[in-house]
Structure formats: structure tokens, C-alpha cells
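Asker: Here's a structure for you.
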Amino acid sequence: MAIERTFSMIKPDATKRNLTGAITKKLEDAGLRVVASKRVWMSRRQAEGFYAVHKERPFFDELCEFMSSAPTVVQVLEGENAILKNREIMGATNPAEAAEGTIRKEFATSIGENSVHGSDAPETAAEEIRYWFSDTEIVG
Ligand code: UDP
């Protein structure tokens, strides 16, 4: 199986509750390696750019407001099948529908404030990594 990289973000609801370590441990326990990580308090404009694909959705304003309301931790994760593996560990978007043992089941408080983001495909992973990191910040 191919070694992949994916983009992960620990969202403001989780950083505010001091869950950065607990969430990162779940990722590492699943075999993913953190090859880049930094804490970012994104601007409203950065949030709008990052979530541009959702700009016509009814939750877009609320989402961008939330994402720029407190710090996030942006990360690059590396491992076998990293994109799908990360999505599995995250759990469903709505924590009420997330499987036992997933990050969102354990930590998320609502469909909007759902603790983590993870890329959903190789193309978005590459784009999202590039949005937040330069090549020299990624140390595999
Ligand atoms: N979101 C929301 N309300 C919704 C659906 C999504 O606030 O009804 C937010 C939520 O924070 C979610 C993000 O928008 O994580 C992106 O939505 P997407 O459907 O891409 O879910 P994800 O890939 O994060 O599971």
C-alpha cells in the first residue's frame, strides 16, 4: 500500500478544551506520523479561502466565524493509506452519527464544532497541505 500524506486540522472547539495532545495521540496510535505541525489563529479571510468549496452552503458564514474564533493546529500526517485512515479515525461529520472510538464521537460537540478536519482525497490533500505549509516545514 502506498505511503500518503494528508492534511489535518484540530479545530478551535478542541484547542480551547486543551485536546491537542489527546487528538494527536489517537492519530499516532492509528499509525499516522505527524510530519508537520503548527498552531495558527487564522484570519476570517484565510478561513474563507480554505473553505471556498463550501461558499454557497448555508453554514459557510458560521463555519468561517468559528474557524477564526480561536487557534487551530494544522498538521501534515503521513502513513499507509493516510487519507482514508485519517477520515476513519475522525468519524462522521455529525458527532451524533460518528462510530464509537472515533475522534468526533469522543470529543466533538456539534456538527459545526466537530473538533477536526481531514482531507477527503489526494487532490484536496495536496491543495490543503500547500495552503498551510511550505515544503521546508514538512520534515518526514
Ligand atoms: N458543517 C456545518 N454544518 C453542516 C455541515 C458541515 O457546520 O451541516 C461544517 C463542519 O465543521 C464540517 C465542515 O463544515 O466539518 C465541512 O463540511 P464537510 O461536509 O466537508 O464535512 P467533513 O469533511 O469535515 O466531515
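The values are calculated or read from the model by the stated rules, or taken from the named source; none is laboratory data. The shown structure was predicted, so the numbers you read here are calculated from the model rather than taken from an experiment. A quick note on method: Cβ atoms are made from the backbone with ideal geometry, for glycine too, and the neighbour counts reach across all protein chains shown. SASA here: full protein model, heavy atoms, side chains in, ligands and nucleic acids out. Shrake-Rupley method; radii C 1.70, N 1.55, O 1.52, S 1.80 Å.
Asker: Place a point 7 Å from Cα of LYS16 in the direction of its Cβ. Which residues in the stretch 32-67 have their backbone N less than 15 Å from it?
Answerer: Taking a point 7 Å out along Cα→Cβ of LYS16, the residues of the stretch 32-67 whose backbone N falls under 15 Å are 41-42, 62-67.
Asker: Cut-off 10 angstrom, C-alpha nodes, Gaussian network model of the chain. Which of VAL73, VAL40, VAL53 fluctuates the most?
Answerer: VAL53
Asker: Right, something else. Within 10 Å of each candidate Cβ there may be at most 14 other Cβ atoms; applying that plus a DSSP loop requirement, which chymotrypsin sites (Phe, Trp or Tyr not before Pro) in the stretch 16-115 survive?
Answerer: Taking the stretch 16-115 and a limit of 14 other Cβ atoms within 10 Å, the loop chymotrypsin sites (Phe, Trp or Tyr not before Pro) found are TRP41, PHE59.
Asker: Name the residues whose placed amide hydrogens come within less than 5 Å of the amide hydrogen of VAL116, ignoring near sequence neighbours (fewer than 5 apart) on the same chain.
Answerer: The answer is LYS11.
Asker: For a test of the definition: using alpha carbon positions, the gyration tensor, and the 1.5 limit on a/c, classify the chain as rounded, prolate or oblate.
Answerer: Judged from the Cα gyration tensor, the chain comes out rounded (a/c under 1.5).
Asker: Which distance in nm do the two modelled labels at THR93 and ARG33 give, with both placed 7 Å along the Cα-to-Cβ direction?
Answerer: Distance between the two pseudo-spin positions: 3.3 nm.
Asker: Obtain the nm distance between the two label points defined at TYR131 and PHE60 by a simple spin-label model: each point lies 7 Å from its Cα along the Cα-to-C-beta direction.
Answerer: 1.3
Asker: Tally Lys/Arg at +1 and Asp/Glu at -1 over every other residue whose Cβ is under 12 Å from the Cβ of GLY140; what's the total?
Answerer: Neighbour charge sum, excluding GLY140 itself: -2.
Asker: Could you pull out the longest piece of the chain with no exposed loop GluC sites (Glu not before Pro) in it, calling a site exposed if DSSP puts it outside H, G, I, E, B and it has at most 13 other Cβ atoms within 10 Å?
Answerer: 1-55
Asker: Further question on the same structure: Sorted by accessible area with a 1.4 angstrom probe, largest first, how do VAL35, VAL139 fall?
Answerer: In descending accessible area the options line up as VAL139, VAL35.
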